[in-house]
Amino acid sequence: MNLTFPKKVGVLLSLALLIGACGDINSSWEVKGGGYLKYTVNGNGPYSIDLAKNDVEPPFYVNNSHHYFYFCSQIKESKRGDQISLMVNSPQTGKDLTPVARANLSGRFQYVTWMREEFSPEAPLIEDSSTIRFDEIIGDSLWTAHFDLYFKDCRSGSCIDSLPPVHVNGRLRYWVPASER
């Protein structure tokens, strides 16, 4: 009995499985850009939202010259219908920073840090209680931070100041695409 043919088939099959398993390596966040938010809302969760490459604007990145870090997640990336927009001026590591609540955009002040929880209206940030701490900024390629944010409660369809704020606590991780570093 000749066992040479089945051995070759087994080796080829193993090689094909190995190549197939490694096929997604070049489609990772580190290569194509993007990241995620992992967070809790009022202690419930954890929940997660994927960030696409274009959801984030790091400072001094590619064609921009601004000094802020900004992201706005896509509501379709959240199973709960959550969406978060956040801006931080001049981010640096190891320091509790207060996110920017409102900014002058096109001549009028608008909320730039807000959250939609379960498809609710945009809830503005409560600045005096909210912080973000970048614990890792690697040049122009990696941004990692812990955030501890408080928003007005707008879950009933309108914001109600007499309700306790919504507490959002979690992590942000974002990679700049390898081709754009």
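The values are calculated or read from the model by the stated rules, or taken from the named source; none is laboratory data. Keep in mind that what you see is a predicted model, and the values were worked out from it rather than measured. Ligands, DNA and RNA are excluded from the accessible area calculation, which covers all protein heavy atoms including side chains. Shrake-Rupley method; radii C 1.70, N 1.55, O 1.52, S 1.80 Å.
Worth a mention:
- Averaging the sequence gap over all C-alpha pairs within less than 8 Å and six or more residues apart, then dividing by the number of residues, gives the stretch 32-181 a relative contact order of 24 percent.
- One chain, two ends: residue 75 and residue 159. Fully extended at 0.36 nm per residue, the span grows by 28.3 nm beyond their Cα-Cα distance.
- The portion of the accessible surface of the stretch 29-179 made up by carbon and sulfur, rounded to a whole percent, is 47 (1.4 Å probe; DNA, RNA and ligands excluded).
- Pairwise Cα distances in the stretch 109-171 exceed 16 Å in 52 percent of cases.
- The stretch 48-181, accessible area per residue, ligands and nucleic acids excluded (1.4 Å, Å²): 51
- The stretch 28-181 shape via C-alpha gyration tensor axes, a/c threshold 1.5: prolate
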